[in-house]
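Written below as structure tokens is the structure these notes are about.
The values are calculated or read from the model by the stated rules, or taken from the named source; none is laboratory data. This structure is a prediction, so every number in the text was calculated from the model and none was measured. So basically every Cβ, Gly included, is an ideal-geometry build from the backbone, and we count neighbours across all protein chains shown. With ligands, DNA and RNA removed, areas are computed over all heavy atoms of the protein, side chains included. Shrake-Rupley method; radii C 1.70, N 1.55, O 1.52, S 1.80 Å.
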Amino acid sequence: RLEYGMANLIWGLFCKPARRVLLIKCFRISLTFLYQDFMSVCYAFRMKIQREFIQKYKKIYIQIGAIKCPAINNELVHFNNKGLKHLLQKGRKKRKIGDQYRRLNLVKYISEIVSSQKAFVTKREVVNSSGKISYWELRKEINNRYISVIIRRKNNGRLHFYSVFSRK
């Protein structure tokens, strides 16, 4: 909703009514066509910014590689595609862009939390048809908010990063 409000504001600033009438008379262009064209340019620009933002944090995420986690018996936590995919999607559906931004902005704190000995740890195990899945939540207070990192292990496989989120 904000993007459309901003687009309307820009449309109003750059295309005053007198200019619109002139454009319509001179070029026989309908106002609807001009507005739709303007909105498609705004949409393309917004999508480009989103792609650049996601690419920036993908690089940061990939550079993490694997980290020893003192809170989970000094085991290595691997940062693979499953965790990155979970930041951007929930199941097969894409997360809302605001949720993606919020989670990707927390990527910079992940290595600090995983390698911290002072992180609060809770463990949960789930048994289903695909086997036993263990989840660890590592929670730490940073800048007056709690940031939680979820680590997952399927069956007896290796630990991997699964998710990150924040709470006040």
- Measure out, as a whole number of angstrom, how far apart the alpha-carbon centroids of the range 39-54 and the range 126-153 sit. 32
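Using the scaling law 2.2 N^0.38 Å as the reference, what is the normalised Cα Rg of the range 29-168? Don't skip to the end; give the middle numbers.
Details: Rg = 18.7 Å, N = 140, 2.2 N^0.38 = 14.4 Å.
Dividing the Cα Rg of the range 29-168 by 2.2 N^0.38 Å gives 1.30.
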- Contour excess over end-to-end distance, with Cα ends at Asn155 and Glu125 and 0.36 nm allotted per residue: 9.8 nm
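So, for the range 36-168, what is the accessible surface per residue at a probe of 1.4 Å, expressed in square angstrom? Mind showing how you got there, number by number?
Values: 8470 Å² over 133 residues.
Using a 1.4 Å probe on heavy atoms only, each residue of the range 36-168 averages 64 Å².
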- Item | Accessible area in the full protein assembly, largest first, 1.4 Å probe, for Arg51, Arg103, Arg167, Arg139 | Arg51, Arg167, Arg139, Arg103
- Query: Cα gyration tensor of the range 76-153, axes a ≥ b ≥ c as square roots of the eigenvalues: rounded (a/c below 1.5), prolate (a/b > b/c) or oblate?
  - Reply: oblate
- Taking amide H positions as placed 1.01 Å from N in the peptide plane, with prolines and chain starts having none, which residues 5 or more places from Lys90, or on another chain, fall under 5 Å of its amide H? Arg95
- Could you list which residues have their amide H under 5 Å from that of Leu159, counting only those 5 or more apart in sequence or on another chain, with H placed in the peptide plane? His78
- Query: Around Arg124, with a cut-off of 15 angstrom between Cβ atoms, what is the net charge of the other residues, counting Lys and Arg +1 and Asp and Glu -1?
  - Reply: +4
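Expressed as a whole percent, how much of the Cα-Cα distance distribution for the range 72-115 exceeds 13 Å?
Details: 584 of 946 pairs.
Every Cα pair in the range 72-115 considered, those over 13 Å come to 62 percent.
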- In order over the range 152-157: 3J(HN,Hα) from phi, Karplus 6.51/-1.76/1.60, θ = phi - 60°, whole Hz, x for each Gly or Pro, gives 10, 9, 9, 6, 10, x
